[in-house]
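J.: One structure, pasted below without further comment.
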Amino acid sequence: MANVSLVDVEKRFGAHVVIPRLNLEIADGSFVVLVGPSGCGKTTTLNMIAGLDPITAGQLLIGGRDVTDMPPKDRDIAMVFQSYALFPHMSVFDNIAFGMKIRRLAKSEIDSQVHSVADRLRIGSLLDRLPKALSGGQRQRVALARALVRRPGVFLMDEPLSNLDAKLGIEARSFLAKMHHEIGVTTVYVTHDQSEAMTMGDTIVVMKDGLIQQSAPPLVVYNKPANTFVAGFIGSPAMNFLGLSIADSKLVDPDNGFAIAIPDRLRGALNGYEKPKVVLGVRPEALRPAPRSADSSGAPLLSIDVAQHLGHETLLDASSGPHRIVARVGASDDSRIGEKRPFLFDAERMHLFDQDTGANLALSPI
Amino acid sequence: MSKPAPLIHPRRTLVRLRYATPKILATLFALLLAAVWIGPLALMVMTSIKPNSEFLNGPFALPIAPTLEPYVKVWEGLKFGVLMQNSLIYAATGSALAVGLALVPAFALSRFEPPGNRYIFALLLTGLMLPQQTVLIPLYDMLRWLHLFDTRIGLIVVHGVYGMPSQILILRGFMTTIPRDIEKAAQIEGATDFQIFTKVILPLAVPGIVVGYTLNFIAIWKEFIFALVFLNNEAIFPAVGMLKLNSDRYISAFNLPSAGLVISQIPIAILLILAYRWISSGNFVGSVKG
């Protein structure tokens, strides 16, 4: 068990700066997910923690020890690769025992450890097989077993589920979460899949261009995104963004019929904000067409472009002028394509972002 | 008014012919090429089972009274068994030396970027393109100086070194296809560079090693000039080299060298058949991805 601290960590390839300056504290026993689009530096960060990529500047501490210049084997870590990276010429047993054989442990010791971890992962009957005779899910378990048997202080996982098909991936997801709950090893997990990040992590670290955009528990990231990037990246379908002007405590676009009252709790956030426009962010579930019976004068009228019936819910794509939104509504919604309907915005779940920087105005002082 | 369509449309036949013509031409061309390759081989086999007089009467005629006598004569008269043994020694050890010398440089060039990478490569390619004739005299001098002239070891060393550049290129190409993650996994498990090389890369490179070794084996087996120049003692001559001397001696006996050539090619054929299974073994299935 160990905590991980990255202090002013920087990564450069020649003149190209990949990670400008990264500070991250990973608590002992936590499950931290690094998430972001490809090229955001999440895998590089993981490789630096693993010791596979040298750190250009800064410091890395694992369990309080400075391991910045140590080789991977001395860092008290284990890693599961996206490709599993099993040794194809070795049996499952030898794959799991590889590290122990390198460390010249006694044969009986190796034997008992391999069997105990293999039984735990339900691959005990596969020990004599070669990787090519295993299914994707089994290969993944072998890779996990090889990592687990090291009893590491920190578990590093690089997109371990992305090679599994969707159904197996969801199974493996809960399997990993359960395993983490049982053994409680600090885990750093890299993924590009926001739903994986939401469901697995205690803490989500959203990255973009080598910079941490937000680091917080999943629901905080979801409900209080630090900026438009985080708001747009986490959640599916993505948050809707509308560029509107501010007039008389309303968000307006007169040409397209928008006049939405600014909720009281957000008024303070706009104090001192003097740019002409502000970005209103609303998640698809915070939007719905007004009931046909209700009086909805003043609500913006949007025409329905597409209705996607998913069975348990329906996604409505609607637009007015340049503004496009997606609303998540009940399965029984009867909107017709081409129809114009007034939409209600949930005041409790509105976000305001800076038009230029994208920062969440309710969180960051101007 | 419409006429009933004829059962076989003349235009359709024409169209079909137009599509088939290139295929027919290509097949004919391929057959021609095959004939050019197989012709001399067939001639060699045919000559080897004719009495010499029959060959002189009609070199291209089919054998009238096939005989195995030339084989017996060559095998006994030239101690062909010994010659084959020599060939085997040169080819087996020479290519082992070439592959052995190439393994570490190939790994280094496939994984790390050693300083002067490009120059090393340029040198290797030069080594590949150098005609044998250009190195004959310097090598002759060097072998004399090392007291290795007219020795088995001398010829083995020459073959090993001469084969190394192509082996480096073959093995390097092969090693670059071994997924990097496998190596990283070994690194995380605590393997040193040397252990990664011996426990992971080498076992995975076996198909590449087999390919390289086989090609080099064949090259040495049929090599002629080096053996002719660097050896005098006929007792240590390889089979192919000896045949040349022999055709000088029995200048009119065409059937004997033919029989010798046929015998000398048999091991190569066997080797190719054996190696083919290895070469196409697909060792990587299951290492990475589903």
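The values are calculated or read from the model by the stated rules, or taken from the named source; none is laboratory data. None of the values given here were measured: they were computed from a predicted structure. For neighbour counting, all protein chains shown are included, and Cβ atoms are generated from backbone atoms with ideal geometry for every residue, glycine included. Heads up: the accessible areas ignore ligands, DNA and RNA and are worked out on the full protein's heavy atoms, side chains in. Shrake-Rupley method; radii C 1.70, N 1.55, O 1.52, S 1.80 Å.
J.: Yes or no: segment B:78-100 includes at least one residue that is touching a Lys or Arg at 6+ places or on another chain (Cβ under 8 Å), open to solvent by 40 Å² or more (accessible area, probe 1.4 Å), hydrophobic (A, V, I, L, M, F, W, C) and in contact (Cβ under 8 Å) with a residue 12 or more places away in the chain.
T.: Our first condition is that a residue be touching a Lys or Arg at 6+ places or on another chain (Cβ under 8 Å); within segment B:78-100, this holds for B:86, B:89-90.
Then drop every residue that is not open to solvent by 40 Å² or more (accessible area, probe 1.4 Å), which leaves B:89.
Add one more test, that the residue is hydrophobic (A, V, I, L, M, F, W, C), and what stays is B:89.
Then drop every residue that is not in contact (Cβ under 8 Å) with a residue 12 or more places away in the chain, which leaves B:89.
For segment B:78-100, residues touching a Lys or Arg at 6+ places or on another chain (Cβ under 8 Å), open to solvent by 40 Å² or more (accessible area, probe 1.4 Å), hydrophobic (A, V, I, L, M, F, W, C) and in contact (Cβ under 8 Å) with a residue 12 or more places away in the chain: present.
J.: Another one. Is at least one residue of segment B:52-61 surrounded by fewer than 10 Cβ atoms within 10 Å (Cβ to Cβ) and more than 30 Å from the chain's Cα centre (by Cα)?
T.: yes
J.: Moving to a separate point now. Within segment B:164-174, is even one residue of a type in the set (S, T, N, Q), surrounded by 21 or more Cβ atoms within 10 Å (Cβ to Cβ) and either assigned to a helix (DSSP H, G or I) or more than 14 Å from chain A (Cβ to nearest Cβ) (or both)? Full working, then the answer.
T.: Restricting attention to segment B:164-174, the residues satisfying the condition of being of a type in the set (S, T, N, Q) are B:166-167.
Within this subset, residues satisfying the condition of being surrounded by 21 or more Cβ atoms within 10 Å (Cβ to Cβ) are B:167.
Remaining after also requiring either assigned to a helix (DSSP H, G or I) or more than 14 Å from chain A (Cβ to nearest Cβ) (or both): B:167.
Yes, the conditions are met somewhere in segment B:164-174.
J.: Continuing with this model, one more query. Out of A:LEU164, A:LEU130, report the one residue that is out of contact with any strand residue (DSSP E or B) (no Cβ under 9 Å at 6 or more places or on another chain) and closer than 19 Å to A:LYS101 by Cβ.
T.: Just a single option satisfies the conditions, and that option is A:LEU130.
J.: Inside segment A:153-190, can you point out the residues that are of a type in the set (A, V, I, L, M), in a loop (DSSP other than H, G, I, E, B) and under 15 Å from A:GLN140 (Cβ atoms)? Before you say what the answer is, go through the steps one by one.
T.: So in segment A:153-190, the residues of a type in the set (A, V, I, L, M) come out as A:154, A:156-157, A:161, A:164, A:166, A:168, A:170, A:172, A:176-177, A:179, A:183, A:185, A:188, A:190.
Then drop every residue that is not in a loop (DSSP other than H, G, I, E, B), which leaves A:161, A:164, A:185.
Result: A:LEU161, A:LEU164.
J.: Residue by residue through segment A:82-94, note down the ones that are more than 9 Å from every other protein chain (Cβ to nearest Cβ) and touching a residue at least 24 places away in the same chain (Cβ under 8 Å). If you could, list the steps in order and put the result at the bottom.
T.: First, the residues of segment A:82-94 that are more than 9 Å from every other protein chain (Cβ to nearest Cβ): A:91-94.
Within segment A:82-94, A:SER91, A:VAL92, A:PHE93 qualify.
J.: Same structure again: Which members of segment A:272-296 meet the condition of being part of a loop (DSSP other than H, G, I, E, B), over 25 Å from the mean Cα position of the chain (by Cα) and either more than 19 Å from A:ALA247 (Cα to Cα) or in contact (Cβ under 8 Å) with a residue 40 or more places away in the chain (or both)?
T.: Start the filter on segment A:272-296 by keeping residues that are part of a loop (DSSP other than H, G, I, E, B), which leaves A:272-276, A:283, A:290-296.
With over 25 Å from the mean Cα position of the chain (by Cα) added as a condition, the list becomes A:272-276, A:290-296.
Listed by number, the residues that qualify are A:GLY272, A:TYR273, A:LYS275, A:PRO276, A:ALA290, A:PRO291, A:ARG292, A:SER293, A:ALA294, A:ASP295, A:SER296.
J.: Turning to a different aspect of this structure: Tell me yes or no: at least one residue of segment A:14-26 is over 28 Å from the mean Cα position of the chain (by Cα) and not in a strand (DSSP E or B). Lay out the reasoning, then the answer.
T.: Here is the first cut: in segment A:14-26, the ones over 28 Å from the mean Cα position of the chain (by Cα) are A:14-15.
Remaining after also requiring not in a strand (DSSP E or B): A:14-15.
There is at least one residue in segment A:14-26 that is over 28 Å from the mean Cα position of the chain (by Cα) and not in a strand (DSSP E or B).
J.: For A:CYS40, work out the one condition from (1) away from chain B (no Cβ under 11 Å); (2) open to solvent by 10 Å² or more (accessible area, probe 1.4 Å); (3) on the phi < 0 side of the Ramachandran plot; (4) modelled with pLDDT under 95 it doesn't fulfil.
T.: (2)
J.: Please go through segment A:102-123 and pick out each residue that is open to solvent by 30 Å² or more (accessible area, probe 1.4 Å), farther than 24 Å from A:ASP158 by Cβ and of a type outside the set (S, T, N, Q).
T.: A:ARG104, A:LEU105, A:ALA106, A:LYS107, A:GLU109, A:ASP111, A:HIS115, A:ASP119
J.: Another question, if that's okay. Anything in segment A:35-90 that is of a type in the set (Val, Ile, Thr) and out of contact with any helix residue (DSSP H, G or I) (no Cβ under 8 Å at 6 or more places or on another chain)? List them, or say none. Can you show your working first?
T.: Looking only at segment A:35-90, we keep the residues that are of a type in the set (Val, Ile, Thr), and these are A:35, A:43-45, A:49, A:55-56, A:62, A:67-68, A:77, A:80.
Result: A:THR43, A:THR44, A:THR45, A:ILE49, A:THR56, A:THR68.
J.: Quick one: B:VAL200 ticks every box in (1) touching a residue at least 60 places away in the same chain (Cβ under 8 Å); (2) open to solvent by less than 50 Å² (accessible area, probe 1.4 Å); (3) within 14 Å of chain A (Cβ to nearest Cβ); (4) β-branched (Val, Ile, Thr) except a single one, so which number is it?
T.: For B:VAL200, the exception is condition (1).
J.: Quick check: is even one residue across segment B:229-236 away from chain A (no Cβ under 11 Å), open to solvent by less than 10 Å² (accessible area, probe 1.4 Å) and under 30 Å from B:MET84 (Cβ atoms)? Lay out the reasoning, then the answer.
T.: First pass over segment B:229-236, keeping only residues away from chain A (no Cβ under 11 Å): B:229-236.
Filter once more, so that each one left must be open to solvent by less than 10 Å² (accessible area, probe 1.4 Å): B:230-231.
Going one step further and asking which of them are under 30 Å from B:MET84 (Cβ atoms), we end up with B:230-231.
Checked segment B:229-236: at least one residue is away from chain A (no Cβ under 11 Å), open to solvent by less than 10 Å² (accessible area, probe 1.4 Å) and under 30 Å from B:MET84 (Cβ atoms).
J.: In segment A:309-366, which residue that is open to solvent by 90 Å² or more (accessible area, probe 1.4 Å) and in a strand (DSSP E or B) is farthest from A:VAL279 (Cα to Cα)?
T.: Checking each candidate, the answer is A:HIS309.
J.: Here are some residues: B:LEU148, B:LEU136. Which one is open to solvent by less than 80 Å² (accessible area, probe 1.4 Å), in a helix (DSSP H, G or I) and on the phi < 0 side of the Ramachandran plot?
T.: Numbers: B:LEU148 fails: in a helix (DSSP H, G or I).
Result: B:LEU136 is the single residue among B:LEU148, B:LEU136 that is open to solvent by less than 80 Å² (accessible area, probe 1.4 Å), in a helix (DSSP H, G or I) and on the phi < 0 side of the Ramachandran plot.
J.: Another one. Of the residues that sit in segment A:152-171 and are touching a Gly at 6+ places or on another chain (Cβ under 7 Å) and at pLDDT below 85, which one is nearest to the other protein chains (Cβ to nearest Cβ)? Walk me through how you get there before you give the answer.
T.: Here is the first cut: in segment A:152-171, the residues touching a Gly at 6+ places or on another chain (Cβ under 7 Å) are A:153, A:161, A:163-164, A:168.
Keeping just the survivors that are at pLDDT below 85 gives A:163-164, A:168.
Values: A:ASN163: 5, A:LEU164: 7, A:LEU168: 10 Å.
Ranking the qualifying residues of segment A:152-171, first place goes to A:ASN163.
J.: Mind counting the residues in segment A:208-242 that are of a type in the set (S, T, N, Q), open to solvent by less than 30 Å² (accessible area, probe 1.4 Å) and touching a residue at least 60 places away in the same chain (Cβ under 8 Å)?
T.: Initially, segment A:208-242 is screened for residues of a type in the set (S, T, N, Q), giving A:213-215, A:223, A:227-228, A:236, A:240.
The next check asks that each one be open to solvent by less than 30 Å² (accessible area, probe 1.4 Å); those that pass are A:214, A:227, A:240.
From what's left, touching a residue at least 60 places away in the same chain (Cβ under 8 Å): A:227, A:240.
Final tally of qualifying residues: 2.
J.: Tell me, which residue of segment A:154-206 that is farther than 17 Å from A:PHE81 by Cβ and of a type in the set (Asp, Glu) is surrounded by the most Cβ atoms within 10 Å (Cβ to Cβ)?
T.: Once the filter is applied, the top-ranked residue is A:ASP202.
J.: So which residues in segment B:148-157 are hydrophobic (A, V, I, L, M, F, W, C) and over 17 Å from the mean Cα position of the chain (by Cα)? Step through it out loud before you land on a result.
T.: First, the residues of segment B:148-157 that are hydrophobic (A, V, I, L, M, F, W, C): B:148-149, B:153, B:155-157.
Residues satisfying the conditions are B:LEU148, B:PHE149, B:ILE153, B:LEU155, B:VAL157.
J.: Do we have any residue at all in segment A:98-118 that's in a helix (DSSP H, G or I), within 9 Å of another protein chain (Cβ to nearest Cβ) and under 33 Å from the mean Cα position of the chain (by Cα)?
T.: Yes, that holds for at least one residue.
J.: Among the candidates A:THR45, A:THR68, which residue alone is away from chain B (no Cβ under 13 Å), open to solvent by less than 60 Å² (accessible area, probe 1.4 Å) and within 23 Å of the chain's Cα centre (by Cα)?
T.: Answer to the selection: A:THR45.
J.: Being of a type outside the set (D, E, K, R), free of Cβ contacts under 8 Å to residues at least 24 places away in the same chain and more than 9 Å from chain B (Cβ to nearest Cβ) is the filter here, so list the residues in segment A:133-151 that pass it. Let's see the steps before the verdict.
T.: We begin by selecting, within segment A:133-151, every residue of a type outside the set (D, E, K, R); these are A:133-138, A:140, A:142-145, A:147-149.
Of the ones still in play, those that are also free of Cβ contacts under 8 Å to residues at least 24 places away in the same chain are A:133, A:135, A:138.
Of everything in segment A:133-151, just one residue is of a type outside the set (D, E, K, R), free of Cβ contacts under 8 Å to residues at least 24 places away in the same chain and more than 9 Å from chain B (Cβ to nearest Cβ), namely A:GLN138.
J.: Considering each residue of segment B:175-197, count those that are of a type in the set (Lys, Arg) and at the interface with chain A (Cβ under 8 Å from one of its Cβ atoms), and give that number.
T.: Residues of segment B:175-197 of a type in the set (Lys, Arg): B:180, B:184.
If we keep only those that are at the interface with chain A (Cβ under 8 Å from one of its Cβ atoms) too, we end up with B:184.
Of the residues in segment B:175-197, 1 are of a type in the set (Lys, Arg) and at the interface with chain A (Cβ under 8 Å from one of its Cβ atoms).
J.: Can you tell me which of A:ARG267, A:ARG288 is open to solvent by 70 Å² or more (accessible area, probe 1.4 Å), at pLDDT below 90 and under 15 Å from A:MET350 (Cβ atoms)?
T.: Details: A:ARG288 fails: at pLDDT below 90.
Step by step, each of A:ARG267, A:ARG288 is checked, and only A:ARG267 is open to solvent by 70 Å² or more (accessible area, probe 1.4 Å), at pLDDT below 90 and under 15 Å from A:MET350 (Cβ atoms).
J.: Pull up segment A:204-253, narrow it to residues that are in a loop (DSSP other than H, G, I, E, B) and small (Gly, Ala, Ser), then point me to the one that is farthest from the chain's Cα centre (by Cα). Working first, answer last.
T.: Here is the first cut: in segment A:204-253, the residues in a loop (DSSP other than H, G, I, E, B) are A:209-210, A:217, A:224-226, A:234-239, A:248-249.
Then drop every residue that is not small (Gly, Ala, Ser), which leaves A:210, A:226, A:235-236, A:238, A:249.
Numbers: A:GLY210: 15, A:ALA226: 14, A:GLY235: 9, A:SER236: 12, A:ALA238: 13, A:SER249: 35 Å.
Of everything passing the filter in segment A:204-253, A:SER249 is farthest from the chain's Cα centre (by Cα).
J.: Quick one: in segment A:71-81, of everything that is more than 7 Å from chain B (Cβ to nearest Cβ) and assigned to a loop (DSSP other than H, G, I, E, B), which residue is farthest from the chain's Cα centre (by Cα)?
T.: A:PRO71
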